[in-house]
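Asker: Below is the structure I would like to discuss, written out as structure tokens.
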């Protein structure tokens, strides 16, 4: 039985949710000590995974089981790459997670409801180190999916609790929900490598449409040096130098064509009308799937989620906020609002993000819509590094930079190569209220934009001095550091703007108006930090390593001024106790008695109405770096 893909997680009665294991689907026929283990297209796994066969034979069952063979990595997560190399590297744990039973003692169980089949399965499967029961949760698909994302799993499966088993059928009663859309495409060629890259540059992809092969795009991302070599070794014997397409395909580099026999699994944002994969990223080679299954129809076969939830449309920002009078109602949990002429789906609005203060996800969305006109100029056209806290501030958060894959088509993004990640990352650009609400709905309590925009990615709009205290520093010391930095900058003739970090530190911004490179502004920031450290040597340091620095020294961080670095935006909420806001200040406010806890989700809007946007000058006239250096005697 096969599953269709749906676009997003959902909560629903009469549905169960399982982990989506990243491995090989496998049927096990066990008749006492005799075992057959094979893939969904009938290929034997007996020689590949003898450990599983041996364990099944010891169980003395008479049953037909359905499950997934996986290899666990050092983090305890399934790794398809390790599974593919299991024969040569068997140091990792191999497991067979069983999620269904089709026969028991000669009796056909396929017409029983799924939950009944799973009860039988759980009863007959004893605790084992290799063959394991794949458990499930009921109804709470959204929270389960968020947890799967946090644990870096591939996704989840949603199955109708009363579904019967239909062999070989792809049905909407079983749904797969991934971080991103995935699908298969046929590899029909590869381009020449450029620069220091070896073996090949990109794979040329195709999908079957009837009897024809249609060009589906190309991908050069998702490869390590090792994988580039392995893929080239597999493709080399298939070279035929004959294009499979009727039309001429335009690529950046010359193509070497191969026989259309290999199938790649890719993640992508969407299939365009003309059949091309948007932003495809190579995941793995599918040796268990024939090329004939990589069709246009299968690639586009993404169904809408089932839903027992009512959704209402709204055109005002106030509609984002849950109705407190109907606590627990479906309308309170989920809404669709209209922002910038776009329909934005908002889910779990009554989910508690701050347990002590009882602030909810809905409160976060409502706050950002209330300050959207003020905050958006500091976000527009800037790549976003998404810090997500979907389970509230006490559950911790995680960075999710490559978030464009699951975004609606109206969310703008830019694909940039990340040296630290060694891959292309699809960064979201938060240019309007609709995108802001979408990010908040992902669990982005905190908003972290780049210092530069897509118009000049290598030239930031400002310099940032990050005053970062250690455990034993007081906020009074942070204030003293900020005032010294301000005085040094005044001596340099440089305008500066200050804000609380929303946590324990402060951030000082110096406008540069895209006039200088990151290296230039980083060097200037380092000079300012050095001059500040000279005046406050007893409790400031430029040593980045905390152990070497000590827990009583404030770190003067000039390294924030590098391409791709991010910091919490002005007016950004922080996932900290009290729902604090990173708030711009007048320099006259930076004095003893000031506390970051003074500025929070409840009072920031009123403060803005009273004092205006104190950060406006950050995007204004930039400093003259040469003049500043001369005034400092540098």
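The values are calculated or read from the model by the stated rules, or taken from the named source; none is laboratory data. Bear in mind the structure is a predicted one, so any value in this text is a computation, not a measurement. Quick reminder, even Gly has a Cβ in these numbers, built from the backbone with ideal geometry, and neighbours come from all protein chains shown.
Asker: Just checking, which of 390, 449, 469 is within 30 Å of residue 553 (Cβ to Cβ), touching a helix residue (DSSP H, G or I) at 6+ places or on another chain (Cβ under 6 Å) and surrounded by 19 or more Cβ atoms within 10 Å (Cβ to Cβ)?
Answerer: Every option except 469 fails the conditions.
Asker: Let me ask another. With segment 74-171 as the region, which strands (runs of 3 or more DSSP E) entirely inside it contain at least 1 residues that are touching a strand residue (DSSP E or B) at 6+ places or on another chain (Cβ under 8 Å) and surrounded by fewer than 18 Cβ atoms within 10 Å (Cβ to Cβ)?
Answerer: 93-104, 131-133
Asker: Filter segment 393-415 for residues that are assigned to a helix (DSSP H, G or I), at pLDDT below 90 and buried (at least 17 other Cβ atoms within 10 Å of the Cβ) and give the result.
Answerer: If the condition is that a residue be assigned to a helix (DSSP H, G or I), at pLDDT below 90 and buried (at least 17 other Cβ atoms within 10 Å of the Cβ), then 404, 405, 406 are the ones that fit.
Asker: Is there any pair linking a residue in segment 207-224 that is without any contact (Cβ under 8 Å) to a residue 60 or more places away in the chain and assigned by TED's automatic domain parsing to the domain that holds residue 277 to one that is buried (at least 21 other Cβ atoms within 10 Å of the Cβ) and in a strand (DSSP E or B), with Cβ under 7 Å and at least six apart or on different chains, and which?
Answerer: 213/186; 213/188; 213/206; 223/282
Asker: Now for a different question. Which residues, counting only those in segment 157-189, are within 23 Å of residue 287 (Cβ to Cβ) and more than 28 Å from the chain's Cα centre (by Cα)?
Answerer: 167, 168, 188, 189
Asker: Is at least one residue of segment 153-175 farther than 22 Å from residue 80 by Cβ and assigned by TED's automatic domain parsing to the domain that holds residue 285?
Answerer: no
Asker: On the given criteria, is residue 621 within 38 Å of the chain's Cα centre (by Cα), outside any helix (DSSP H, G or I) and in contact (Cβ under 8 Å) with a residue 24 or more places away in the chain?
Answerer: Against the criterion (within 38 Å of the chain's Cα centre (by Cα), outside any helix (DSSP H, G or I) and in contact (Cβ under 8 Å) with a residue 24 or more places away in the chain), residue 621 qualifies.
Asker: Only one of 548, 491 is part of a helix (DSSP H, G or I) and in contact (Cβ under 8 Å) with a residue 40 or more places away in the chain; which?
Answerer: Just a single option satisfies the conditions, and that option is 491.
Asker: Do we find that residue 251 is under 31 Å from the mean Cα position of the chain (by Cα) and either touching a residue at least 12 places away in the same chain (Cβ under 8 Å) or over 19 Å from residue 294 (Cβ atoms) (or both) in this structure?
Answerer: Yes.
Asker: Please go through segment 256-279 and give me each residue that is modelled with pLDDT of 75 or more, touching a strand residue (DSSP E or B) at 6+ places or on another chain (Cβ under 6 Å) and surrounded by fewer than 20 Cβ atoms within 10 Å (Cβ to Cβ), ordered by number.
Answerer: 256, 257, 260, 265, 276
Asker: Any residue in segment 311-330 that is at negative phi, over 20 Å from the mean Cα position of the chain (by Cα) and modelled with pLDDT of 85 or more?
Answerer: no
Asker: Restricting to segment 1-46, name every residue that is out of contact with any helix residue (DSSP H, G or I) (no Cβ under 8 Å at 6 or more places or on another chain), in a loop (DSSP other than H, G, I, E, B), at pLDDT 90 or above and within 26 Å of residue 86 (Cβ to Cβ).
Answerer: Scanning segment 1-46 gives 1, 21, 39.
Asker: Among the numbered conditions (1) surrounded by fewer than 22 Cβ atoms within 10 Å (Cβ to Cβ); (2) assigned to a strand (DSSP E or B), tell me where residue 381 comes up short.
Answerer: Condition (2) is where residue 381 drops out.
Asker: Can you pull out the residues in segment 567-596 that are in a helix (DSSP H, G or I) and surrounded by 19 or more Cβ atoms within 10 Å (Cβ to Cβ)?
Answerer: Selection gives 596 alone.
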